[in-house]
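Have a look at the structure below, then the notes.
Laboratory data are not the source of any read-out in this text; all were calculated from the coordinates shown. The model shown is predicted, which means the values in this text are computed figures rather than measured ones. When we count neighbours, we look across all protein chains shown, and the Cβ atoms used for this are built from the backbone with ideal geometry, even at glycine.
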Amino acid sequence: MKRNLGPVNALYPSLTTIVGAVVNGKPNFLAVAHVGIMNHGQPQFLSFGINKKHHTPKGIIEHGEFSVCIPGENLVVETDYVGLVSGKNTDKSQLFELFQGELAHAPLIKGCPVCMECRLSRVVDFGTHDVFIGELVATHADEGVLRADGGIDLARVRPLLFDMSSMKYWSLGAEVAPCWGAGKELKQRLRAGAE
Ligand SMILES: Cc1cc2nc3c(=O)[nH]c(=O)nc-3n(C[C@H](O)[C@H](O)[C@H](O)COP(=O)(O)O)c2cc1C
């Protein structure tokens, strides 16, 4: 028997990212795990739910640009740190070695295996939080995390998965089955039964 937990958000784990922007002339970063994929295709839009009290949104709004880096498990301490302290009273600009991509105000972290640059598309007001929707401009990935076909190999990225329920970072498990493949045999069987 199932227990009704009330409106408990069970959409975890989510991907732990580090969102960066230039605030008052300095790069600033925060951990963001409330991330979303708005569509599939080009242009590609991504969403980030960020509390209005945080420091980083100021830079996102000022410049209309931000970065989204995917830390590997080796960066768990730094990732947690940028999620613990605020740029309002702590300078986080020296924490990472940075590089610049196509946008001038999207500070990218060299130590993260994958980094994306976004141009702010729109801001959706959710009371305590603003949801920043960014149009993806460019994605930079370490050669070492790419498969032979050029795709990003998650097993090599080793992303940090965030769970609010346990308040823990989790790691990715083994692959289970191919998408749009695992259900094919069942589809054929059910279709044959219906004929
Ligand atoms: C793992 C993790 C995930 C987080 N996810 C979010 C999030 O999705 N949205 C948010 O507003 N804050 C989130 N936070 C909290 C902010 O990262 C944190 O308050 C940060 O210090 C704000 O920094 P800033 O004021 O310099 O922007 C998260 C923190 C951690 C540790």
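The residues packed around C118, meaning those with a beta-carbon under 10 Å from its beta-carbon, carry a net charge of -2 if Lys and Arg are +1 and Asp and Glu are -1.
Loop-resident trypsin sites (Lys or Arg not before Pro) (DSSP state other than H, G, I, E or B) in segment 64-170 with no more than 10 further Cβ atoms inside 10 Å of their Cβ are absent.
When a/c is below 1.5 the answer is rounded, else prolate if a/b is larger than b/c, else oblate, so apply that to segment 122-195 with a ≥ b ≥ c taken from the square roots of the Cα gyration tensor eigenvalues.
Values: a/c = 1.84, a/b = 1.43, b/c = 1.28.
Because a/c hits 1.5 or more and a/b exceeds b/c, segment 122-195 counts as prolate.
What the phi angles of segment 36-44 give under the Karplus curve with 6.51, -1.76 and 1.60, with θ = phi - 60°, is a coupling list of x, 10, 7, 7, 10, x, 10, x, 9 Hz, glycine and proline written as x. Among the trypsin sites (Lys or Arg not before Pro) in segment 1-69, those placed in a DSSP loop whose Cβ has at most 12 other Cβ atoms within 10 Å are K2, R3, K52, K53. Among G173, G151, T128, whose Cα lies farthest out toward the positive end of the dipole of segment 105-195, if unit charges sit on the beta carbon of Lys, Arg (+1) and Asp, Glu (-1)? Going by the charge dipole, the pick is G173.
Spin-label pair L172-L154: with each label point 7 Å from Cα along the Cα-Cβ axis, the two points sit 0.6 nm from one another. Lysine pairs in the chain whose alpha-carbon atoms fall under 27 angstrom of each other, counting only those eight or more residues apart or on distinct chains, come to 21. Restricting the chymotrypsin sites (Phe, Trp or Tyr not before Pro) of segment 102-195 to loop positions (DSSP other than H, G, I, E, B) with no more than 11 neighbouring Cβ atoms within 10 Å leaves W180.
Comparing G49, V8, I61 along the charge dipole axis of the chain, the residue lying farthest to the positive side is V8, per the Cβ-charge model.
Mean sequence separation of contacting Cα pairs (under 8 Å, at least six apart), scaled by the length of the chain, corresponds to a relative contact order of 22 percent.
Converting phi to 3J(HN,Hα) with the Karplus coefficients 6.51, -1.76 and 1.60 and the offset θ = phi - 60°, segment 161-177 yields 9, 9, 10, 5, 5, 8, 6, 9, 8, 10, 9, 6, x, 6, 5, 9, 6 Hz in sequence order, with x at every glycine or proline. Judged by a Cβ-Cβ distance under 4.7 Å, the unpaired cysteines of the chain are C118, C179.
Spin-label model, V124 to C179: label points 7 Å out along the Cα-to-beta-carbon direction sit 2.0 nm apart.
Near G87: Cβ cut-off under 11 Å, other residues only, Lys/Arg at +1 and Asp/Glu at -1. The net charge is +3. The H on the amide N of T17, modeled in the peptide plane, is under 5 Å from the matching H of V32, A33, each at least 5 residues off or on a different chain. Could you check the spin-label model distance between E143 and N74? Points 7 Å from the Cα along Cα→Cβ, value in nm. The modelled label-to-label distance comes out at 1.6 nm.
Mind sorting S93, S67 by how few other Cβ atoms lie within 10 Å of their own Cβ, fewest first?
By the 10 Å Cβ count, ascending: S93, S67.
With respect to the chain, whose longest principal axis is taken over its alpha-carbon atoms, helix 184-194 is tilted by about 40°.
About the Cα centre of the chain, what is the dipole size in debye to 20, counting +1 per Lys and Arg Cβ and -1 per Asp and Glu Cβ, all else neutral? Show your work: numbers first, answer last.
Numbers: 19 positive and 20 negative charges, 144 e Å.
Here the chain has a charge dipole of around 700 debye.
Does segment 58-117 come out rounded, prolate or oblate, given a ≥ b ≥ c as the square roots of the eigenvalues of its C-alpha gyration tensor, rounded meaning a/c under 1.5 and, failing that, prolate meaning a/b above b/c? Because a/c hits 1.5 or more and a/b fails to exceed b/c, segment 58-117 counts as oblate. Here's the picture: charge each Lys and Arg Cβ at +1 and each Asp and Glu Cβ at -1 in segment 14-194, and of I70, G20, A194 the one pushed furthest to the positive end of that dipole is A194. Remark: segment 89-102, residue by residue, has Karplus-estimated 3J(HN,Hα) of 10, 9, 7, 9, 6, 9, 5, 10, 7, 10, 9, 10, x, 8 Hz, where x stands for each Gly or Pro and the curve is 6.51 cos²θ - 1.76 cosθ + 1.60 at θ = phi - 60°.
First check a/c for segment 1-158, with a ≥ b ≥ c the square roots of the eigenvalues of its C-alpha gyration tensor; if it is under 1.5, answer rounded, and if not, answer prolate when a/b is larger than b/c or oblate otherwise.
Details: a/c = 1.34, a/b = 1.07, b/c = 1.25.
Rounded.
Fewest to most neighbouring Cβ within 10 Å: what's the order for M1, M38? Sorted ascending by nearby Cβ count, the order is M1, M38.
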